[in-house]
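Written below as structure tokens is the structure these notes are about.
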Amino acid sequence: MIEYDDCVKPLWLSFLVIGLFLLVPASRTSIAHRQGKLVRYEDSRVSMGCAYTIVIYGDDAQRLTRIVSAAFDEIDRIDRLMSHYKPDSSLSRLNRDGSGGPVKVEAELFDFIEEALRYSRESEGAFDITVGPLMKAWGFFGGEGRVPETTEISELRSRVGYQHLILNADEKTIRFDRPGVELDLGGIAKGYAVDRVVSLLKRHKIADALISACGSTLYGMGAPPDSEGWEVKIRNPVDASKVALTVSLKDQALSVSGSDEKFFEIGGVRYAHIMNPRTGRPVENMLSVAVLTESGTAGDALDNVFYVQGVEQGRELLKRLPPTEVFFFLPERGKRWKIVRLKN
């Protein structure tokens with residue numbers, strides 16, 4: 001256990017990549033320059049509602065430009081498939097029609113939902129892609145925050161739960177067992193997009209790259225020149241001007257969930273957007289969770305799981321996972337905070 005005495009304001013994520021690496025959420029930038037025999041190319045594009053940034057090394061600047069453009073196009077394709085905001089996406093069609101009977105979906109979307117349900121089962125519902133109705137009720141989808149009545153939460157919970165999804169693997173169909181069920185893949189789709197980019201870069205024989213989804217899910221392939229990994233700095237959970245800890249990524253993903261990503265305050269109480277599907281209420285007494293693991297998809301699911309489960313339950317889950325490292329950023333009395341680190 002590592003304890004810190006600094007007082008502050010919830011976690012966010014920033015990172016430096018050897019030189020200076022900045023995310024510019026609202027604009028697109030591209031930078032290419034030669035480092036020795038290698039060219040370093042960096043570009044950003046807004047997709048899935050936030051900025052994706054890719055830093056890549058190779059020996060041909062024009063080739064790197066084409067590869068990165070193809071990677072962003074792949075992210076856009078996933079957004080068109082899995083967005084619950086786009087009315088013409090396959091996921092939106094499933095949400096509209098799934099209560100009326102089996103809906104045939106693309107094999108890719110079926111397999112992805114099947115994997116998401118595996119995380120739900122293994123975490124006993126701490127991660128759940130059916131949590132959308134609760135998020136809406138608490139005002140986290142484009143509205144102002146509100147605290148629902150207990151009776152409303154109880155009614156909504158009857159429509160939330162991965163058990164309400166009926167999958168047919170042979171037909172690639174999905175249906176809901178009751179009206180009002182709705183899927184939201186936002187808690188895991190960005191990590192999947194990162195993994196798809198990693199696969200694309202590997203097909204193009206790229207060995208060294210850093211992919212960032214919105215600054216909260218990253219994957220480091222190989223390492224920059226003269227380095228052993230991609231240096232990533234995680235901000236202090238209560239003072240964004242300070243660094244809480246630094247990790248090095250080499251063929252590894254980092255995912256972070258923080259209570260300051262989206263929240264509201266009523267009556268002096270802060271309600272963060274990370275929902276406990278089992279209680280129907282936002283998680284309390286957690287500042288942030290950072291997970292180092294094998295893939296962006298796993299990291300995106302697990303940072304939510306550990307955020308909901310907390311340290312002790314998380315310790316038991318960790319025994320059943322591939323190599324994974326978790327940092328819990330916890331509040332302390334007297335404006336203190338601490339990190340609890342778990343590793344299997």
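The values are calculated or read from the model by the stated rules, or taken from the named source; none is laboratory data. Remember, predicted model here, so these are calculated numbers, not experimental data. Neighbour counts are summed over all protein chains in view; Cβ atoms, including those assigned to glycine, are modelled from backbone coordinates with ideal geometry.
Give the range 276-305 a look and list any residue that's more than 30 Å from D251 (Cα to Cα) and part of a loop (DSSP other than H, G, I, E, B), or say none.
Residues of the range 276-305 more than 30 Å from D251 (Cα to Cα): 276-285.
If the condition is that a residue be more than 30 Å from D251 (Cα to Cα) and part of a loop (DSSP other than H, G, I, E, B), then P277, R278, T279, G280, V283, E284, N285 are the ones that fit.
Residue check: is H164 modelled with pLDDT under 95, buried (at least 17 other Cβ atoms within 10 Å of the Cβ) and not aliphatic (A, V, I, L, M)?
Answer is no for this residue.
Kindly provide the set of residues from the range 315-340 that are crowded, with 23+ Cβ neighbours inside 10 Å and without any contact (Cβ under 8 Å) to a residue 60 or more places away in the chain, ordered by number.
Listed by number, the list holds a single entry, V326.
Among the residues in the range 40-62, are any touching a strand residue (DSSP E or B) at 6+ places or on another chain (Cβ under 7 Å), buried (at least 18 other Cβ atoms within 10 Å of the Cβ), assigned to a helix (DSSP H, G or I) and touching a residue at least 12 places away in the same chain (Cβ under 8 Å)?
Within the range 40-62 (the criterion being touching a strand residue (DSSP E or B) at 6+ places or on another chain (Cβ under 7 Å), buried (at least 18 other Cβ atoms within 10 Å of the Cβ), assigned to a helix (DSSP H, G or I) and touching a residue at least 12 places away in the same chain (Cβ under 8 Å)), the answer is no, since none of the residues qualifies.
If you take the residues of the range 47-89 that are closer than 16 Å to D184 by Cα and of a type in the set (D, E, K, R), which of them is modelled with the lowest pLDDT?
Among those residues, the one meeting the criterion is K86.
Looking at the structure I just gave you, is L302 over 22 Å from D195 (Cβ atoms), modelled with pLDDT of 90 or more and surrounded by 18 or more Cβ atoms within 10 Å (Cβ to Cβ)? Let's see the steps before the verdict.
Numbers: over 22 Å from D195 (Cβ atoms): no; modelled with pLDDT of 90 or more: yes; surrounded by 18 or more Cβ atoms within 10 Å (Cβ to Cβ): yes.
Here the answer is no, as L302 does not meet what is asked.
Kindly provide the set of residues from the range 222-265 that are at pLDDT below 95, of a type in the set (S, T, Y) and not in a loop (DSSP other than H, G, I, E, B), ordered by number.
Of everything in the range 222-265, those that are at pLDDT below 95, of a type in the set (S, T, Y) and not in a loop (DSSP other than H, G, I, E, B) turn out to be S241, T246, S257.
Could you pull out the residue among L156, L134, L183 that is surrounded by 22 or more Cβ atoms within 10 Å (Cβ to Cβ), touching a residue at least 12 places away in the same chain (Cβ under 8 Å) and outside any loop (DSSP other than H, G, I, E, B)?
The match here is L134.
With the requirement that a residue be without any contact (Cβ under 8 Å) to a residue 12 or more places away in the chain and aliphatic (A, V, I, L, M), what does the range 244-293 give you?
V269 - this is the single residue of the range 244-293 that is without any contact (Cβ under 8 Å) to a residue 12 or more places away in the chain and aliphatic (A, V, I, L, M).
Would you point out the residue of the range 266-275, among those that are touching a Pro at 6+ places or on another chain (Cβ under 8 Å) and in a strand (DSSP E or B), that is surrounded by the most Cβ atoms within 10 Å (Cβ to Cβ)? Spell out the reasoning first.
We begin by selecting, within the range 266-275, every residue touching a Pro at 6+ places or on another chain (Cβ under 8 Å); these are 271-275.
Filter again for in a strand (DSSP E or B), leaving 271-272, 275.
Details: Y271: 22, A272: 23, M275: 25.
Top of the filtered list is M275.
Identify all residues within the range 219-268 that are in contact with a His (Cβ under 7 Å, 6 or more places away or on another chain) and acidic (D, E); write none if there are none.
Across the range 219-268, the qualifying residue is only E261.
May I ask you to list the residues in the range 248-298 that are touching a strand residue (DSSP E or B) at 6+ places or on another chain (Cβ under 9 Å) and among the charged types (D, E, K, R)?
Listed by number, the residues that qualify are K250, D251, D260, E261, K262, E265, R270, R281, E284, E294.
Taking the range 169-180, which residues are basic (K, R) and either part of a loop (DSSP other than H, G, I, E, B) or loosely packed, with under 12 Cβ neighbours inside 10 Å (or both)?
Scanning the range 169-180 gives K172, R178.
Let me confirm something: among E106, E149, E122, which residue is closer than 30 Å to L210 by Cβ and over 22 Å from the mean Cα position of the chain (by Cα)?
E106
Residue by residue through the range 196-205, note down the ones that are part of a helix (DSSP H, G or I) and surrounded by fewer than 22 Cβ atoms within 10 Å (Cβ to Cβ).
If the condition is that a residue be part of a helix (DSSP H, G or I) and surrounded by fewer than 22 Cβ atoms within 10 Å (Cβ to Cβ), then R196, V198, S199, L200, K202, R203 are the ones that fit.
Within the range 63-94, can you find the residues that are of a type in the set (F, W, Y) and either surrounded by fewer than 16 Cβ atoms within 10 Å (Cβ to Cβ) or more than 15 Å from H204 (Cα to Cα) (or both)? Steps first, answer last, please.
Within the range 63-94, the subset of a type in the set (F, W, Y) is 72, 85.
Within the range 63-94, just Y85 meets the criteria.
Tally time: how many residues in the range 90-109 are farther than 22 Å from P277 by Cα, in contact with a strand residue (DSSP E or B) (Cβ under 9 Å, 6 or more places away or on another chain), outside any loop (DSSP other than H, G, I, E, B) and touching a residue at least 60 places away in the same chain (Cβ under 8 Å)?
2
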